[in-house]
2 protein chains.
Amino acid sequence: MTINYPNGIPKRYQKEAKIKKKQKPSFSNRGMSFEEFINQSNLYYLSKEIAVVHKKPTPIQIVHVNYPNRSAAVITEAYFKEASTTDYNGIYKGRYLDFEAKETKNKTSFPLHNFHAHQIKHMKQCLNQHGIVFVLIWFSSLQRCFFLSANHVIDYWENKETKRKSIPLKMIENCGYEIQLGVAPIVPYLSIIDHYILKGDSIYEK
Amino acid sequence: MTINYPNGIPKRYQKEAKIKKKQKPSFSNRGMSFEEFINQSNLYYLSKEIAVVHKKPTPIQIVHVNYPNRSAAVITEAYFKEASTTDYNGIYKGRYLDFEAKETKNKTSFPLHNFHAHQIKHMKQCLNQHGIVFVLIWFSSLQRCFFLSANHVIDYWENKETKRKSIPLKMIENCGYEIQLGVAPIVPYLSIIDHYILKGDSIYEK
């Protein structure tokens, strides 16, 4: 008679089960960038009619277009323009969402040079209009993802006294919210917003 | 002694004054398209910290980029992609705004072929999320501008029984709101929204 341990797994398979349990899903070898994680998450939210969030197309300055035939225009000379806003925005439960998705290989801090002045300015403008504004940060070496509300990013950016060039991970852990990546969606960032919209707390008080 | 008429203008200038009064400001010769009117209006609202509304960049499929030197990338082959959303969105008093700006030379109706299925779908999705969704229509031959809430556009688009190919001007006059163009901003569309946000009416009840 086989005696099964309380977890229902025969003794000879216990070691294997323990190893599988310790292994967290890894997002490092999926061949997708963090931006693609976010885009997939947004598609999921859209398909489930949960939220309507899109990435804004990269702005391009078009200089020359060819028309080899009536229906196919080919752009033959164009230049990348600097975006005047953040990359993502949309609507969730009647509220305006606006955010940037950033990643870093750093293990102890997030470099501020990843932000541009116009993005900070845009975030401030949206905050003034009572939008829900934040940054999603992916520490790729650590496989850790955080939601950080924009007011913290703006404070660090503008804090000229300390002249810090990066936001310490410890600060992000304290003032932000860690997001466990999943499958559907990969980055469930709305769960952070839910926690505050549903609970009625201001996301900007932490 | 000169006797001035009750309006304070001497008799000899009355005719001139009458002509000037009848002339409405014309927007036909300013060399600007309706889209440029909207963009200027959004810049005005942004600069006055009234709202944050931007036009989304045209999405482009980039096929080839040259790097003649480190800092200047040149796109040498790219194609226009069809946008999956409407052209404008943003935030005003905490509410999500989403709209299209369209113009027509027609004098009696607005052709539905100006809309694409994905724009209609996007408008429905945003309405479901309780966004303020609408279309700004410029009848250039008539020099008249209207705000029409999205539910009316969607109803016409989906109304297969009548198989109408356009929205009659009379319907737009009845169900929409005429906007008087001005200078700062040129298209004061937020005044329509104010009338309903401030008054607490649902913009979708008319």
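Could you list all residues from segment A:106-119 that are in a loop (DSSP other than H, G, I, E, B) and either modelled with pLDDT of 95 or more or open to solvent by less than 40 Å² (accessible area, probe 1.4 Å) (or both)? Residues satisfying the conditions are A:ASN106, A:LYS107, A:THR108, A:PHE115.
Condition check: outside any loop (DSSP other than H, G, I, E, B), within 25 Å of A:GLU49 (Cα to Cα) and at pLDDT below 95. Does A:HIS195 satisfy that? It would help to see each step written out before you state the result.
Numbers: outside any loop (DSSP other than H, G, I, E, B): yes; within 25 Å of A:GLU49 (Cα to Cα): yes; at pLDDT below 95: yes.
Against the criterion (outside any loop (DSSP other than H, G, I, E, B), within 25 Å of A:GLU49 (Cα to Cα) and at pLDDT below 95), A:HIS195 qualifies.
If I filter segment A:78-100 for residues that are closer than 21 Å to B:ILE62 by Cβ, within 17 Å of the chain's Cα centre (by Cα) and aromatic (Phe, Trp, Tyr), do I get at least one hit? Yes, because at least one residue in segment A:78-100 is closer than 21 Å to B:ILE62 by Cβ, within 17 Å of the chain's Cα centre (by Cα) and aromatic (Phe, Trp, Tyr). One residue stands out among those in segment B:83-94 that are part of a strand (DSSP E or B) and facing another protein chain (nearest Cβ under 7 Å): the one that is nearest to B:ILE38 (Cα to Cα), which is B:ASN89.
Can you say whether B:ALA78 is in contact with a strand residue (DSSP E or B) (Cβ under 7 Å, 6 or more places away or on another chain), crowded, with 20+ Cβ neighbours inside 10 Å, within 8 Å of chain A (Cβ to nearest Cβ) and small (Gly, Ala, Ser), as far as the supplied structure shows? Steps first, please.
On the way: in contact with a strand residue (DSSP E or B) (Cβ under 7 Å, 6 or more places away or on another chain): yes; crowded, with 20+ Cβ neighbours inside 10 Å: yes; within 8 Å of chain A (Cβ to nearest Cβ): yes; small (Gly, Ala, Ser): yes.
Yes.
Just a yes or no: is a residue in segment B:95-118 farther than 24 Å from B:TYR156 by Cβ, in contact (Cβ under 8 Å) with a residue 12 or more places away in the chain and within 14 Å of chain A (Cβ to nearest Cβ)? Within segment B:95-118, one or more residues are farther than 24 Å from B:TYR156 by Cβ, in contact (Cβ under 8 Å) with a residue 12 or more places away in the chain and within 14 Å of chain A (Cβ to nearest Cβ).
Annotation: A:HIS122 fulfils all but one of (1) surrounded by 13 or more Cβ atoms within 10 Å (Cβ to Cβ); (2) at pLDDT below 95; (3) over 21 Å from A:SER33 (Cα atoms); (4) out of contact with any Gly (no Cβ under 7 Å at 6 or more places or on another chain); the unmet one is (2).
Of all positions in segment A:158-170, at least one carries a residue that is in a strand (DSSP E or B), open to solvent by 10 Å² or more (accessible area, probe 1.4 Å), polar (S, T, N, Q) and in contact (Cβ under 8 Å) with a residue 12 or more places away in the chain.
The values are calculated or read from the model by the stated rules, or taken from the named source; none is laboratory data. This is a predicted model, so every value here is computed, not measured. As a convention, Cβ positions derive from the backbone with ideal geometry for all residues, glycine included, and neighbour counts pool all protein chains shown. For accessibility, only protein heavy atoms count, side chains too; no ligands or nucleic acids. Shrake-Rupley method; radii C 1.70, N 1.55, O 1.52, S 1.80 Å.
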